[in-house]
Structure formats: structure tokens, C-alpha cells
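The values are calculated or read from the model by the stated rules, or taken from the named source; none is laboratory data. Computed from a predicted structure; not experimentally measured. FYI the Cβ positions are ideal-geometry reconstructions off the backbone, even for glycines, and counts take in every protein chain you see. Accessible surface is based on the protein model in full, side chains and every heavy atom, while ligands, DNA and RNA are left aside. Shrake-Rupley method; radii C 1.70, N 1.55, O 1.52, S 1.80 Å.
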Amino acid sequence: MTTIHDGFAATRRLILKGAGAITLTGLGVISFNMAPVFAAANDKYPEEAFKQKSAADAIKSLYGRTAEASDKVKLDAPEIAENGAVVPISVSTTLTEVTSIAFLASENPNALAAVYRIPPGTMPNVANRLKMAKTCDVVVIVEAGGKLYSATKEVKVTVGGCGG
Amino acid sequence: MASTIRVRAISSGEITEVQVLIQHPMDSGFVKDAKGEIIPPHFIQRLTFEYDGRNVFVADWGTAVSKDPYVKFSFRGGNKGDDLKISWADNKGETDATTAKIQ
Amino acid sequence: MTPTVAADALDPVADAKAFRNYFVAKFPHVKPEDFVNGPYSMNEDMRRQWEEKEQFPPYEFSLDMGKEMFAKAFNNGKSYADCFPNQGIGIRQNYPYFDAKEGKVITLELALNRCREANGEPPFSYVGDEMAALTAYMAYTSRGKPFDIKIPDDPRALEAYQNGKRYFYTRRGQLNFSCATCHVQNPGERMRAEILAPAFGILNAMPIYRSEWGGMGTISRRLTTCNSQIRGVPLEPQAEEYRDLEYYLSYVSNGLPISGPGSRP
Amino acid sequence: MNMTQPTVRISILSLALALMSATSAPAASSKTDFNIAYAAAEAAHKEAGRLRNQWTVTAEALANAKRAADKGDFDGAVASAKEAEALAKASIFQATSEKEAWKNLEIR
């Protein structure tokens with residue numbers, strides 16, 4: 001995209017480790033298909049992950065494996081969205097070596113909403129505003145030290161955000 | 001025309017907090033217009049923040065990011081008066097960029 | 001309308017006091033000046049979402065557009081500043097006012113379009129983005145200034161006030177709602193997803209950026225939409241009824257600060 | 001937005017419904033039947049307009065009546081026109097009764 005030296009060298013190493021883990025756990029077709037997307041993710045827009053319908057498929061496409069819930073991931077989202085078109089959602093974590101953070105809304109037409117790359121020196125805190133089609137779980141994935149951690153919260157939506 | 005990008009980058013000495021608001025429809029492709037025709041998807045895919053020759057934050061977005069999108073993050077370093085370069089590109093190949101001074 | 005209002009012992013000062021007392025008593029935990037923040041003054045969860053959005057409010061673009069438009073000269077070299085006291089800066093709290101010459105209520109939206117027409121420019125739609133942006137900017141320059149609506153000693157002004165009050169309390173539409181049904185009797189309650197705003201201070205936040213609209217909307221847009229929501233056919237924007245309604249509602253919110261442009265779900 | 005599920009407790013005019021049920025159209029209506037029914041509905045809707053109190057649902061029912069008539073469905077057209085008339089009359093009743101009734105809601 002640019003000729004700038006990016007700050008993702010460390011991330012790349014973790015990715016390679018991650019890719020190895022996938023082959024070991026034997027996710028079969030998906031791992032062949034998805035691992036390269038993941039490895040290239042620092043340079044390339046993860047088109048396939050954004051096309052997946054379900055949160056699980058999007059996470060698989062993006063990272064090639066599943067996440068474990070962690071109370072070190074703090075997800076801040078409203079109980080009831082004032083309007084599904086604009087739902088302020090933020091995340092922070094005490095985990096170290098965070099390399100990326102992803103936001104998903106389980107019942108959206110495509111679950112994956114946003115992925116943020118966190119190079120070394122950038123804090124693992126992100127706030128953004130997302131659309132939600134209806135009441136569902138917001139899932140946030142924090143990639144840290146090559147592992148995936150998640151937090152989930154249900155947000156009630158009475159006016160859907162698909163009109164946005 | 002004025003930039004589509006509004007930035008607030010404030011340094012507290014050790015940490016620079018960055019907030020950005022971008023004027024963009026972020027059409028999802030799931031919405032119909034008044035005539036009942038689908039409004040084709042039109043959304044920012046990548047938003048990049050560059051400081052001191054390196055990326056400090058990269059956002060990859062799908063259609064579920066709200067209209068006139070907003071994001072906030074912070075990074076270590078950054079001095080008052082330094083440049084922060086922000087650029088975006090959408091699925092139609094449109095782009096915009098701006099350079100903001102850290103305050 | 002026959003001007004027989006005097007016999008009814010019209011007392012806007014007493015009205016305004018009763019109006020304020022009603023809301024203060026109904027919501028003892030809400031600071032009076034906080035009513036201008038509408039539903040956010042009465043619901044914690046929504047207030048947090050709002051405060052988060054206010055860090056970088058979505059109406060910034062509209063506000064900037066209004067500022068640019070306001071500064072830009074008309075084709076004849078004049079500008080909006082030439083039409084208003086104090087060049088139009090910090091005057092929002094004085095609108096609407098009663099114009100003695102015309103014998104009618106003049107709202108800010110009306111005054112802006114008259115300014116355009118007087119300078120050879122076509123008027124803007126009262127429910128469109130341009131008018132919303134212009135009034136947003138003007139409100140912004142008045143933020144914090146208390147509403148200061150005057151009812152001059154003129155029976156026509158009192159009549160306009162009374163007509164506005166009647167409009168406010170009159171049930172209409174198939175749902176048989178008056179403005180007061182929602183915004184006096186039930187503020188803070190949910191109407192589907194929305195939390196109804198209190199009438200006290202409701203215009204102080206105008207114009208408003210609504211997430212539902214995905215943009216900024218004028219007072220005219222808000223009033224006409226309210227009417228159609230209760231299944232009434234809206235009157236034409238800036239109809240005399242709406243102008244009088246705005247006069248009444250602004251008057252009874254005298255003393256509360258201008259907070260516009262606001263944002264709402 | 002529709003307001004079908006308000007937590008707000010308000011009584012809704014039942015008059016329109018009562019009027020509607022009293023006017024079931026006979027089978028096989030003609031174009032003339034439609035014209036008469038439509039004219040009556042339109043007149044009532046105009047009167048509501050003079051009182052500055054038209055209802056959106058009346059306008060919708062009138063449009064439905066026209067659409068049905070254009071398709072040659074005069075039974076449907078007459079039914080919609082009668083519905084429109086009932087709604088328009090209810091809106092006139094509302095405007096008339098509110099001339100005084102609004103004061104009951106006023107904060108004093």
C-alpha cells in the first residue's frame with residue numbers, strides 16, 4: 001500500500017507461529033484456505049473474513065482458530081443501543097503483546113465489523129461506533145502473544161442499524 | 001472541498017490519544033433507496049495512521065461500521081507539533097488523506 | 001380566529017412557572033438546566049452513549065458546513081450577517097420573536113429564508129440539510145445563553161402565544177396524541193426504542209442530529225415528523241400553527257440554556 | 001416509525017372502527033357506487049383539512065380506493081372509500097371536540 005516501513009515485524013513472527021499451530025490442530029481445508037489470509041493480513045484487507053456470515057466463520061477466516069473467553073478483555077457496550085445505526089463500543093485489555101483487535105456482531109448479515117492492527121507501542125484500547133441489525137452478542141477478539149482472547153456482551157437493539 | 005477527515009490528536013507527554021471522524025456514507029449494500037433499489041455498498045476498507053515514518057494504527061473495516069465513522073486509539077510517544085498522517089481508501093477506490101498536528 | 005383571549009385571563013408568566021414546576025417536581029433528580037439534553041437527562045445508559053459520542057459528535061460535519069455557508073457572501077455581495085442583529089452571532093436564544101409590524105411570529109428558520117430572498121437567493125427547504133446546517137451553526141454560537149423569548153404588550157402576540165399553547169395540547173392524528181401526551185405526560189418513558197424527551201427545554205437543543213435520520217434536522221423537520229408519527233398529516237413547514245407552537249414552547253423554556261445543535265437517537 | 005407498542009397508556013379513538021363496521025359494502029359495486037363513496041370520503045377529508053386536522057391513514061385509504069378502482073375492483077374501491085370516509089369523519093370529530101377538550105391537558 002505504501003512504502004513506509006510498517007511496525008508489524010513482531011506480529012509477523014507471531015503469525016507464523018499461529019499458522020503452525022493451525023496445521024497441528026488439523027483444521028483441514030479451512031487451515032489451508034485461511035492461514036495464508038491470516039499471514040498476509042498485515043498487508044492485505046481481509047476480504048474473505050468480512051464476507052463470512054457467522055462470527056465463528058469470520059474468526060476462523062481471520063485467525064484460523066478459536067478464541068478463549070478472558071476477563072482480561074474489557075468490552076464496553078450499552079445494554080440497550082439507543083439506535084442500532086450508531087452503537088458506541090470500546091475495548092481495553094490488560095493483556096500484553098496485543099497485535100490485533102477485532103469487533104463482531106453475531107447477528108449482523110456479515111458478523112465481522114472491524115479489525116484493528118496494534119503495532120508495538122500502540123495501546124490495546126480501541127473505541128468505535130458500529131451498526132447492529134438487531135439484538136445480539138457483540139464479540140471482541142484480542143490477539144495477544146499469538147493467542148486469541150474474547151469477551152462477549154449482549155446489546156439490545158430495538159431500532160435496527162441496517163438503515164444506516 | 002474540506003477534508004473528509006477530522007482529527008484530534010492530543011499528547012499527554014507519554015501517550016498520544018487520537019480520535020478521528022470521517023465523512024463517509026458507509027453504505028452497507030443492504031439498504032434500499034426511496035425507489036426501492038438497493039444502494040450498492042460503499043464503505044471505507046482501510047484507514048491508516050502514520051507517525052514518524054511508521055504505521056501506528058491500521059483499521060480494516062466492513063460495512064457494519066457506522067456512517068461518518070469514528071475511531072479512537074492511543075500510542076506511546078508523539079510530541080506536540082509532530083505530524084500524524086491519516087489516510088483512507090474505500091471499496092470504490094476513492095481515497096482521502098490529511099496530516100494533523102499533534103496537540 | 002377571534003381575538004377574545006383577554007377575557008380568559010392569559011398569563012404567560014404564570015404558565016411558564018407552572019410548566020417549569022411540573023417538570024422539576026416530576027424529575028427531582030434532574031437539574032433544571034439539564035432538561036435541554038432531552039432523553040439523556042433521564043436515562044443513565046443513554047447518557048453514557050451520548051457522552052461517548054459527544055467526544056467527537058457526528059454533527060461536526062453539518063456544523064462546519066453551516067459555518068461555511070454562513071460566512072459565504074450571496075451573489076449580491078451581502079451575507080446572512082447583514083440580516084441579523086450582532087451579525088447573527090449569539091442570537092439564537094431570541095428566536096422566535098413577535099414582529100409588531102407584521103403581527104406574526106418570526107422563527108429563525110423563517111428569518112433565514114427571508115434573508116436569502118431579500119438578497120435574491122432562492123429559499124432553502126425548511127426540512128433540508130442546508131437549513132439544518134445554518135441553524136446548527138447559529139445555535140452553536142449561542143450555546144449556554146438562556147432562552148429569552150419576549151411576549152410584547154400586544155394582544156396579537158398574546159394570541160399567537162395562546163394559539164401555540166392550544167396546538168401543543170390539542171390531540172390529533174389517528175393515534176389521538178397531543179404533543180403533551182408524549183412530552184409532558186410521558187417524558188423518560190420508552191416509545192419503542194426511543195426515550196421521550198421532556199417538553200421543557202426541548203427546543204433548546206435544536207436543530208438535532210438524529211441517528212435515525214443519519215443527519216441534522218431542523219425544528220420544522222422535527223415538528224412535521226412528530227405529526228406524521230401520530231398519523232396526522234403534517235401542516236406545511238413554517239405554517240402559522242408551527243410558528244406559534246415554537247413561540248409558546250420556547251417561551252415556557254425561558255431561562256434554560258441553548259444546547260443546540262443536539263444529537264438524539 | 002410506528003408506535004404500535006407504546007408503554008405509554010393512551011386510549012385510541014375507537015370511533016373510526018365503530019363507523020367502519022357499520023358500513024359493509026354490498027356485493028358487486030359499480031363504478032357509480034365508487035364515485036359516490038369516493039366523493040363523500042374526499043369531501044370529509046377536505047373538511048378535515050379545513051380544520052387543519054387530516055389523518056395520514058385517511059389519505060392512504062383514499063389512495064387505496066383509487067388504486068382498486070383503476071384495477072376495476074369496485075368492491076374493494078368502495079370498501080376503501082368508506083373506510084376513508086369513516087376515518088375522515090373521526091378526524092373531524094376529533095378536531096371539533098378538541099376545540100375545548102385541549103384545556104384538560106394543560107399544566108396549570
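Accessible surface of A:T66, taken over heavy atoms with a 1.4 Å probe and every protein chain present, rounds to 110 Å².
For segment B:5-101, report the accessible area per residue in Å² (1.4 Å probe, heavy atoms, rounded to an integer). Don't jump to the answer; show the numbers that get you there.
Working: 4040 Å² over 97 residues.
The answer is 42 Å² per residue.
For the segment B:48-58, counting C-beta atoms of other chains within 10 Å of every residue's C-beta and taking the mean gives 6. Averaged over peptide C:210-217, the number of partner chain Cβ atoms lying within 10 Å of each residue's Cβ comes to 5. The alpha carbon convex hull volume per residue for segment B:5-101 rounds to 84 Å³. In the protein assembly as shown, the portion of solvent-accessible area held by carbon and sulfur atoms comes to 53 percent [1.4 Å probe, whole percent, DNA, RNA and ligands not counted].
For the set A:D76, B:D68, A:D43, solvent exposure ranked by accessible area (probe 1.4 Å, protein chains only) runs largest to smallest as A:D43, A:D76, B:D68. Rounded to the nearest whole Hz, the Karplus-based 3J(HN,Hα) values (6.51 cos²θ - 1.76 cosθ + 1.60, θ = phi - 60°) of segment B:21-30 follow the sequence 10, 10, 7, 7, x, 6, 5, 7, x, 10, with x at glycine and proline. Around the amide H of C:V233, modelled in the peptide plane, lie the amide H atoms of D:Q54, D:W55, D:T56, all under 5 Å away and 5 or more residues distant in sequence or on another chain. Figure note: C:I151, B:I5 ranked by solvent-accessible area, largest first, 1.4 Å probe, ligands and nucleic acids not counted: C:I151, B:I5.
Cα centroid separation, segment C:32-101 to segment B:14-83: 26 Å. Taking all Cα pairs closer than 8 Å and separated by 6 or more residues, the relative contact order of chain C comes to 28 percent. When the surface is traced with a 1.4 Å probe over the full set of protein chains, D:S80 keeps roughly 20 Å² accessible.
Taken along the Cα-to-beta-carbon direction at a fixed 7 Å, the label points for C:A18 and D:K99 span 2.3 nm.
Enter the buried accessible area of the B/A pair, total of both sides, probe 1.4 Å, in Å² rounded to the nearest 100. Each step should come with its number before you reach the end.
Details: alone 6390 and 8900 Å², together 12420 Å².
It comes to approximately 2900 Å² buried between B and A.
Each eigenvalue of the Cα gyration tensor of chain C, multiplied by 5 and square-rooted, gives one semi-axis; in descending order these are 26, 24, 17 Å.
Write down, largest first, the equivalent ellipsoid semi-axes of the protein assembly as shown in whole Å, where each equals the square root of 5 times an eigenvalue of the alpha-carbon gyration tensor. Please list the in-between numbers first.
On the way: eigenvalues 510, 201, 98 Å².
Taking √(5λ) for each Cα gyration eigenvalue gives 50, 32, 22 Å.
Using a simple spin-label model with pseudo-atoms 7 Å out from Cα toward Cβ, D:A39 and B:V31 lie 4.7 nm apart. With the whole protein complex present, C:D148 retains an accessible surface near 70 Å², based on a 1.4 Å probe.
Our summary gives chain B a relative contact order of 33 percent, counting only alpha carbon pairs under 8 angstrom and 6 or more residues apart.
Ordered from highest to lowest accessible area with the whole protein assembly present and a 1.4 Å probe, D:V57, C:V184 read as D:V57, C:V184. For segment B:30-85, the list of trypsin sites (Lys or Arg not before Pro) that fall in a loop by DSSP and count at most 15 other C-beta atoms within 10 angstrom reads B:K35, B:K80. Count Lys and Arg as plus one, Asp and Glu as minus one, and take only other residues whose Cβ is under 9 Å from that of B:D68; the net charge is then +1. Using a Gaussian network model of chain C in which every pair of alpha carbons under 10 angstrom is joined by a spring, one finds that among C:N94, C:N204, C:N86 the greatest mean-square fluctuation is at C:N86.
Mean residue ellipticity at 222 nm from the helices of the protein assembly as shown, using -39,500 (n - 2.57) per DSSP H segment of n ≥ 4 over the full residue count, to the nearest 500 deg cm²/dmol?
-10500 deg cm²/dmol
Couplings for segment C:255-263, taken from phi via the Karplus curve 6.51 cos²θ - 1.76 cosθ + 1.60 with θ = phi - 60°, read x, 7, x, 5, 10, x, x, x, 10 Hz in order; Gly and Pro are left as x. The mean count of C-beta atoms from other chains within 10 Å of the C-beta of residues in C:53-62, rounded to a whole number, is 5. Among the GluC sites (Glu not before Pro) within segment C:28-125, those in coil by DSSP and having at most 16 neighbouring Cβ atoms inside 10 Å are C:E102.
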